[in-house]
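The values are calculated or read from the model by the stated rules, or taken from the named source; none is laboratory data. These numbers come from a predicted model, not from an experiment. We place every Cβ from the backbone using ideal geometry, glycine too, and count neighbours over all the protein chains shown.
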Amino acid sequence: MNILKFKYSCLAFVTITYLVACNNTNEHLEKDSNTNIITHNQHTLELKDNVLKKGDHVPSNKVCMVNDEYMGKEQLEVPLDGKMYYGCCEMCKNRIPQDEKVRYSIDPLTHKKVDKALAYIVLASDDGQVYYFENESNYLKFNSKN
């Protein structure tokens, strides 16, 4: 009976740790007339009107490559195999080297596997989601079709 309680306690601890690991406390953001503040998946990001919009290229170092979200600020660096990946929190930082699935995405145009560290990244939606393309040319072709 004690072993069962121990197992459930461990499971509860791991679950709670997982749920709060990426719940970074956000600094107070001043809102002015040119600012939209968007909350998505427990993260707050700040997008400036007429500066960043759906379809814009975004810098890799401001994307959490585990959550596939533009975060609006520099992320934690995760060097691996001579390439640089980025994560928003310690859990993401630890997951990148351990889970190959989070290091790759599918190019929406060609449906080929793309290494996120080498990808051309664009804002896919107003809520911060991103697309990874093999190169800028693929993005331009994709954009002209949609």
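Scanning the range 113-132 for residues that are touching a Leu at 6+ places or on another chain (Cβ under 7 Å) and part of a strand (DSSP E or B) yields 123, 130.
Would a scan of the range 134-146 turn up a residue that is assigned to a loop (DSSP other than H, G, I, E, B), modelled with pLDDT under 95, within 12 Å of residue 64 (Cα to Cα) and not β-branched (Val, Ile, Thr)?
The answer is no; no qualifying residue exists.
Listed by first and then second residue, the pairs with beta-carbon distance under 6 Å, at least 6 apart or on different chains, first residue in the range 96-109 and closer than 12 Å to residue 85 by Cα, second of a type in the set (Ser, Thr, Tyr), are 96/85.
Residues in the range 66-90 that are more than 17 Å from residue 121 (Cα to Cα) and exposed (fewer than 13 other Cβ atoms within 10 Å of the Cβ): 79, 80, 81, 82, 90. Scanning the range 43-57 for residues that are among the small types (Gly, Ala, Ser), assigned to a loop (DSSP other than H, G, I, E, B) and either closer than 26 Å to residue 143 by Cβ or at pLDDT 90 or above (or both) turns up at least one hit.
Restricting attention to the range 95-111, the residues being more than 13 Å from residue 136 (Cα to Cα) and in contact with a helix residue (DSSP H, G or I) (Cβ under 9 Å, 6 or more places away or on another chain) number 5. Filtering the range 91-138 to residues that are crowded, with 18+ Cβ neighbours inside 10 Å and hydroxyl-bearing (Ser, Thr, Tyr) leaves 105, 120, 131, 132.
For the range 77-91, the set of residues classified as of a type outside the set (Lys, Arg) and either at pLDDT below 95 or assigned to a strand (DSSP E or B) (or both) consists of 77, 78, 79, 80, 84, 85, 86, 87, listed by residue number.
Exactly one residue among 141, 83 is of a type in the set (D, E, K, R) and in contact with a Leu (Cβ under 6 Å, 6 or more places away or on another chain), and that residue is 141.
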